[in-house]
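This report refers to the structure that appears directly beneath it.
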Amino acid sequence: MAWVRVYGSQLTGVGRQEPHPLRMISGRDCAPRGPGSYSECVSRKGMTLVPGGAFRMGSTGFYPEEGPVTAVQVGSLWVDDHPVTNAAFRRFVADTGHVTIAETAPDPEDFPGADPALLVPGSQVFTPTAGPVPLTDWTQWWRWVPGADWRHPDGPGSTLHGRDLHPVVHVGLEDARAYAAWAGKRLPAEAEWEHAARGGLDGATYAWGEEFMPRGKIMANTWHGPFPHENTSPHGFTRTSPVKRFRPNGYGLFDVTGNVWEWTATPWTPRHSEEPGPGQPGAQAPCCGPHTTVGEHDRFVIKGGSHLCAPSYCHRYRPAARQAHGPRDTTSHVGFRCVQSP
Ligand SMILES: [Cu+2]
């Protein structure tokens, strides 16, 4: 069954967390605060310093929302080497008691007239169809599954067994922001994400160059075969894959395209021309200060495509690709990675 979450309340970045003494420490201001303080465990382990510079953001060769190509300047940035894994998210939850959006029952006030039996915690899980279906109807392959959440990625009965190093999924924007704040990091702005994902190959179609499978080599976890009923999975994965299974890009970053979509801090605009430039309001959400409140109907840019992107359906396993995503629309194919300003 299809389910669209519609909420009337306001979101804040850390609204659902238990009080946590560390969550207000930003990456930028993470000065030593005494023995045992969090700053001691903020290391650059697992991050790569991506050199700043100018690059061409966007593309005109695929989907209209990626244009126009815009020259953008970004600063140097520490970027997580790979999407946040289940193991890392588990440490965050153990430390903070954070309860994710998908683990929280929707407020009946936000769903007047809804069957109360349906107002239970849950999330959207991809479910392959038995055969070909119209590719315009996403409700054919997305199922609202009560009990699906980051610990139960395919729904009740599924576990993280064997998936410690897979990207965490079923996380909403505020979950990603809460994790980032806990880690002394923040979510990237779209421009920062795209610049890092390009790996220094300015203007290239893919994170590794122009050819999808150079010399026949599979470069990312994307869908092979006719979507959404037959994934031939020549790489061995029909869903998420452990991070770092495919070659990194030119900056040494893994899984920038394919595997899971990744949250950014950038509010959605249908074209790049309407996007605020770096340094302008809205270009980048603050990492740990009081967040600008986010309306339920606002959507944010997600980047990178996922294991469900297939040439026949969705050619979005490219750095320029982008999609609008509701802050509380949790799914089995959206995760995130964090960044830190030097
Ligand atoms: Cu896609």
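Structure summary
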read-out	value
Segment 33-83 - residue that is in a loop (DSSP other than H, G, I, E, B), loosely packed, with under 13 Cβ neighbours inside 10 Å and touching a strand residue (DSSP E or B) at 6+ places or on another chain (Cβ under 7 Å) and, of those, modelled with the lowest pLDDT	Arg44
Matching option when the condition is on the phi > 0 side of the Ramachandran plot and either assigned to a loop (DSSP other than H, G, I, E, B) or of a type in the set (S, T, N, Q) (or both), among Gly131, Gly200	Gly200
Selected residue [closer than 25 Å to Phe126 by Cα and modelled with pLDDT of 95 or more] from Asn249, Asn259	Asn259
Given (1) surrounded by fewer than 17 Cβ atoms within 10 Å (Cβ to Cβ); (2) in contact with a Gly (Cβ under 6 Å, 6 or more places away or on another chain), index of the condition Gly113 fails	(2)
For Asn231: the one exception among (1) more than 17 Å from His333 (Cα to Cα); (2) in a loop (DSSP other than H, G, I, E, B)	(1)
Set Glu230, Glu274: member being more than 29 Å from Arg90 (Cα to Cα) and modelled with pLDDT under 95	Glu274
Residue within segment 88-105 that is more than 21 Å from the chain's Cα centre (by Cα) and of a type in the set (D, E, K, R) present	yes
Pairs, first over 24 Å from Pro128 (Cα atoms) in segment 204-226, second assigned to a helix (DSSP H, G or I) and charged (D, E, K, R), C-beta under 7 Å, six or more apart	Ala204/Arg198; Ala207/Arg198
Residues of segment 134-173 that turn out to be surrounded by 14 or more Cβ atoms within 10 Å (Cβ to Cβ) and in a loop (DSSP other than H, G, I, E, B), as a count	19
Restricting segment 316-342 to residues that are in a loop (DSSP other than H, G, I, E, B) and within 12 Å of the ligand (Cβ to nearest atom), the residue that is nearest to Arg90 (Cα to Cα)	His333
Residue list for segment 296-305, restricted to those being touching a residue at least 60 places away in the same chain (Cβ under 8 Å) and either within 11 Å of the ligand (Cβ to nearest atom) or within 19 Å of Thr240 (Cα to Cα) (or both)	Lys303, Gly304, Gly305
Among residues of segment 298-315, those that are of a type in the set (Ser, Thr, Tyr) and in a strand (DSSP E or B), counted	0
Any hit, segment 84-104, residues being within 30 Å of Gly199 (Cβ to Cβ) and assigned to a loop (DSSP other than H, G, I, E, B)	yes
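The values are calculated or read from the model by the stated rules, or taken from the named source; none is laboratory data. Everything quoted here is computed from the prediction, not taken from an experiment. Note that each Cβ is placed from the backbone with ideal geometry, even for glycine, and that neighbours are counted across all protein chains shown.
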